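Enquirer: Can you keep this structure in mind? I'll have questions shortly.
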Amino acid sequence: MGILLVRTITLYIVIVCALRIMGKRQLGELQPSEFVVTILVSNIATLSIEDANVPLLGSILPIFTLVVCEVAASFIILKSNLLRKIISGNPCIIIRDGVVDQRIMSELRWSIEDLMEQLRIGNVFDIGEVSCAIVETSGKLSIFKKFASREATAGMLELPINNECDSPPMTIISDGKYVPDSLDFCNIKREWVDGVLEKRKLTVSDVFLMTCNRRAQYFISVRDKKGAKKK
Amino acid sequence: MKRIVICSVLLILAILLSLYTHLRVERVSEELNTRIDAMFEALPREDSPELLAQSEAFIKFWNEEEDVLVHIIRHSYIDIITTSVMRLPSFAKYGNFSEMSAELAVIRRQMEHIRSSEMLSFDNLL
């Protein structure tokens, strides 16, 4: 049993390394080739875990070979449009100018229910609101609404534009520790944060979570069930 | 670029490992066949002490090789050879030469099976 434990931990480390080498793309939306590799890697890993007769190298070698193939394929796809089309396929316009393309639906083997479900997932409940919809190579539906149905934007309303509004809040203290990259991103100095905390009679180690944006709007959540404080 | 370098290194390691496995199995197979041939030559003479000495040398050789082969070959394939090899000294000691001959044939066949399954051939691919 001990050896099984060590083999499982070893394979866990190998798979984590493999996924890291394959990159972040692997962890989000899967392209067809990535999907195949992910399934194969998980199956191959179980061979050595389930059957002590199979040498560990019998799993590690195929896993890394698949990783090499996947990275090589991604690299080639990046360089060649033709191969990208062959391996990943093309996005398909399923709704064009408000009209559903039934030929594309038939090619994709999508029923009306499938289309309506994807629209609802995209927060569209009335198909009449859609100007254009594209089925991406990952299978997700991207929706472009008709002008009349689009949400009003700051640009449409001609509101004064402040670039700092575009900065998202970042975590600057996580579990009592500063996150230096976030401080740099928000152009904030530690001294300023210390000052804010001092006003609230807190130290960094008292803070469970603190987020802040470039306009110095912050949110603090204190440790030990003292509750969250918001500016 | 970093990924390409890592993958190139992994690919080279994988190829080297495959090559090493192939060469190691070839070498073991050749050595094993030589020893089996020598024992087959001694068998008709029914020379128990000589066969016993050869069997014990065979066990020593196999134990050393087994330690390496278990990392690259399915254990069940190797276990068949190990079981047969361990029987040889007893057969030699107590003069059971027909059984010894049979075990040697089993060892040779099993090693040939391992060697052929490691070969890069169209049959193996299928």
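The values are calculated or read from the model by the stated rules, or taken from the named source; none is laboratory data. Because the structure is a prediction, the values reported are computed rather than measured. Because the Cβ atoms are built from the backbone with ideal geometry, glycine has one as well, and the counts that use them run over all protein chains shown.
Enquirer: Would you be able to tell me the number of residues in the stretch A:106-126 that are within 27 Å of the chain's Cα centre (by Cα) and either among the aliphatic types (A, V, I, L, M) or surrounded by 13 or more Cβ atoms within 10 Å (Cβ to Cβ) (or both)?
Expert: Of the residues in that region, 11 qualify.
Enquirer: Still on this model: Which residues, counting only those in the stretch A:187-213, are part of a loop (DSSP other than H, G, I, E, B) and in contact with a Cys (Cβ under 7 Å, 6 or more places away or on another chain)?
Expert: To start, the set of residues in the stretch A:187-213 that are part of a loop (DSSP other than H, G, I, E, B) comprises A:187-189, A:200-203, A:213.
A:188, A:213, listed by residue number.
Enquirer: When residue A:84 is evaluated against the numbered criteria (1) within 30 Å of residue A:150 (Cβ to Cβ); (2) within 24 Å of the chain's Cα centre (by Cα); (3) basic (Lys, Arg), which criterion, by number, is the only one it fails?
Expert: (1)
Enquirer: Where residues in the stretch B:46-78 are of a type in the set (Asp, Glu) and within 18 Å of residue B:32 (Cβ to Cβ), which of them is farthest from the other protein chains (Cβ to nearest Cβ)?
Expert: Taking the stretch B:46-78 first, the residues of a type in the set (Asp, Glu) are B:46-47, B:50, B:56, B:64-67.
Now restrict to residues that are within 18 Å of residue B:32 (Cβ to Cβ): B:56, B:64-67.
On the way: B:56: 28, B:64: 17, B:65: 15, B:66: 12, B:67: 12 Å.
Here the answer is B:56.
Enquirer: Being in a helix (DSSP H, G or I), in contact (Cβ under 8 Å) with a residue 24 or more places away in the chain, under 17 Å from the mean Cα position of the chain (by Cα) and more than 14 Å from chain A (Cβ to nearest Cβ) is the requirement here; does residue B:26 meet it?
Expert: Values: in a helix (DSSP H, G or I): yes; in contact (Cβ under 8 Å) with a residue 24 or more places away in the chain: yes; under 17 Å from the mean Cα position of the chain (by Cα): yes; more than 14 Å from chain A (Cβ to nearest Cβ): yes.
For residue B:26, the condition - in a helix (DSSP H, G or I), in contact (Cβ under 8 Å) with a residue 24 or more places away in the chain, under 17 Å from the mean Cα position of the chain (by Cα) and more than 14 Å from chain A (Cβ to nearest Cβ) - is met.
Enquirer: If you don't mind, another one. Could you tell me which residue of the stretch A:119-141 is nearest to residue A:88 (Cα to Cα), considering only residues that are free of Cβ contacts under 8 Å to residues at least 40 places away in the same chain and in a strand (DSSP E or B)?
Expert: A:132
Enquirer: Just need a number here: residues in the stretch A:111-138 that are at pLDDT below 90 and touching a strand residue (DSSP E or B) at 6+ places or on another chain (Cβ under 7 Å).
Expert: 1
Enquirer: Another question about this same structure. Tally up the residues in the stretch A:59-80 that are without any contact (Cβ under 8 Å) to a residue 24 or more places away in the chain and at the interface with chain B (Cβ under 7 Å from one of its Cβ atoms), please.
Expert: 5
Enquirer: Of the conditions (1) touching a Ser or Thr at 6+ places or on another chain (Cβ under 8 Å); (2) at pLDDT below 90; (3) assigned to a helix (DSSP H, G or I), residue B:67 clears all except one; give me its number.
Expert: (1)
Enquirer: From A:171, A:203, A:153, which residue is farther than 25 Å from residue A:91 by Cα and in contact with a strand residue (DSSP E or B) (Cβ under 6 Å, 6 or more places away or on another chain)? Walk me through how you get there before you give the answer.
Expert: Values: A:203 fails: in contact with a strand residue (DSSP E or B) (Cβ under 6 Å, 6 or more places away or on another chain); A:153 fails: in contact with a strand residue (DSSP E or B) (Cβ under 6 Å, 6 or more places away or on another chain).
Testing whether each residue is farther than 25 Å from residue A:91 by Cα and in contact with a strand residue (DSSP E or B) (Cβ under 6 Å, 6 or more places away or on another chain) leaves just A:171.
Enquirer: Here's another thing I want to ask about it. Report, by residue number, each residue of the stretch A:6-15 that is modelled with pLDDT under 80 and more than 15 Å from residue A:46 (Cβ to Cβ).
Expert: A:6
Enquirer: Which residue out of B:19, B:43, B:32 is under 16 Å from the mean Cα position of the chain (by Cα) and more than 9 Å from chain A (Cβ to nearest Cβ)?
Expert: Details: B:19 fails: under 16 Å from the mean Cα position of the chain (by Cα); B:43 fails: under 16 Å from the mean Cα position of the chain (by Cα).
Among B:19, B:43, B:32, only B:32 is under 16 Å from the mean Cα position of the chain (by Cα) and more than 9 Å from chain A (Cβ to nearest Cβ).
Enquirer: Could you list all residues from the stretch A:40-58 that are crowded, with 19+ Cβ neighbours inside 10 Å and more than 12 Å from chain B (Cβ to nearest Cβ)?
Expert: If the condition is that a residue be crowded, with 19+ Cβ neighbours inside 10 Å and more than 12 Å from chain B (Cβ to nearest Cβ), then A:41, A:44, A:45 are the ones that fit.
Enquirer: Sticking with this one: Go through (1) surrounded by fewer than 18 Cβ atoms within 10 Å (Cβ to Cβ); (2) aromatic (Phe, Trp, Tyr); (3) closer than 30 Å to residue B:10 by Cα for residue A:64 and report which single condition fails.
Expert: Of (1) surrounded by fewer than 18 Cβ atoms within 10 Å (Cβ to Cβ); (2) aromatic (Phe, Trp, Tyr); (3) closer than 30 Å to residue B:10 by Cα, only one is false for residue A:64: (1).
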